[in-house]
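Data block below; observations after.
Read-outs: derived from the displayed coordinates by stated rules, not from any lab. Just so it is clear, the model here is predicted, and its values are computed rather than measured. Glycine also receives a Cβ, built like all others from the backbone with ideal geometry; neighbour counts cover every protein chain displayed.
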């Protein structure tokens, strides 16, 4: 038991070090325009309706399989049945790794837009975000501003406003 808690503290420390290194690394620039794939990282403890992001496909005029959603939960919910795969705190591994098969598959793809839909200051959420390869990162103002390129000032539960603002700014940036 004591060994386990010490091991978890070292995992957190190594994860924080990895996160700092990733945030200080320069990001590659891409001149590619247009949106064909979207990734969403959703804090399912704070926002229960992660399926609402599927409406973005129609809203932005994308193909039906253009969006991938993964959730985060602080602890595993054995009773709950979720259609969206999720990562839990205990999936944190050494050196910032996330030991979850669903996340490995999710992060193994390239995306045009990554939506960081969370406000909680959780190491696992931040690590998930830096491990996903995306051209444009979008998030909320309460989250860590170093994680995102485009930041919206709306409440976590106000998905309609978030989607409307996202569409508006993607048009301004000539992405759609």
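Just the Cα atoms of region 1-78, one point each, no solvent: what log10 I(q)/I(0) does Debye give at q = 0.13, 0.20, 0.26 Å⁻¹?
-0.71, -1.04, -1.12
What is the calculated FRET efficiency for residue 31 to residue 84, with r their C-beta to C-beta distance and R₀ = 41 Å, to the nearest 0.05? Don't jump to the answer; show the numbers that get you there.
Details: r = 33 Å, r/R0 = 0.79.
Calculated value: 0.80.
Taking 0.36 nm per residue of sequence separation and subtracting the Cα-Cα distance, how much length would be gained by fully extending the chain between residue 142 and residue 122, in nm to one decimal?
On the way: separation 20, 0.36 × 20 = 7.20 nm, distance 1.23 nm.
The residue 142-residue 122 span can extend by a further 6.0 nm.
As a test, work out the antiparallel percent of DSSP beta bridges whose residues both lie in region 63-144, rounded to the nearest 5.
Values: 1 of 10 bridges.
Restricted to region 63-144, the bridges split so that about 10 percent are antiparallel.
Which order do 98, 115 fall in if you start with the one that has the fewest other Cβ atoms within 10 Å?
Ascending number of Cβ neighbours within 10 Å: 98, 115.
Any idea what angle helix 2-24 forms with the longest principal axis of the chain, computed on alpha-carbon atoms, 0 to 90 degrees, nearest 10?
Roughly 30 degrees, rounded to the nearest 10.
Based on the mean of other Cβ atoms within 10 Å per residue, sort peptides 122-128, 138-144, 37-43, 104-110 so the most packed one is first. Working shown, then result.
Details: 122-128: 21.4, 138-144: 18.7, 37-43: 23.6, 104-110: 14.0.
Packing proxy ranking, top to bottom: 37-43, 122-128, 138-144, 104-110.
Mind sorting out which of (1) 61, 43, 28; (2) 69, 31, 28; (3) 53, 41, 28 is the real Cα extents along the principal axes in Å computed from the coordinates?
Here Cα extents along the principal axes in Å agrees with entry (3).
As an exercise, use a Förster radius of 22 Å and the Cβ-Cβ distance of residue 174 and residue 23 to find the FRET efficiency, rounded to the nearest 0.05.
Values: r = 27 Å, r/R0 = 1.24.
Once rounded, the FRET efficiency stands at 0.20.
Please work out the ratio of the alpha-carbon Rg of region 51-143 to 2.2 N^0.38 Å and round it to two decimals. Show your work: numbers first, answer last.
Numbers: Rg = 13.5 Å, N = 93, 2.2 N^0.38 = 12.3 Å.
For region 51-143, the normalised Cα radius of gyration is 1.10.
What does DSSP give for the chain in terms of the percent of beta bridges that are antiparallel, rounded to the nearest 5? Can you show the working numbers first?
Working: 1 of 24 bridges.
Taking every DSSP beta bridge with both residues in the chain, the antiparallel ones total about 5 percent.
Assuming a viscosity of 0.890 mPa s and a temperature of 25 °C, what translational diffusion coefficient in µm² per second does Stokes-Einstein assign to region 114-172, Rh being the Kirkwood radius over Cα pairs?
Values: Rh = 11.7 Å.
Here the translational diffusion coefficient equals 210 µm²/s.
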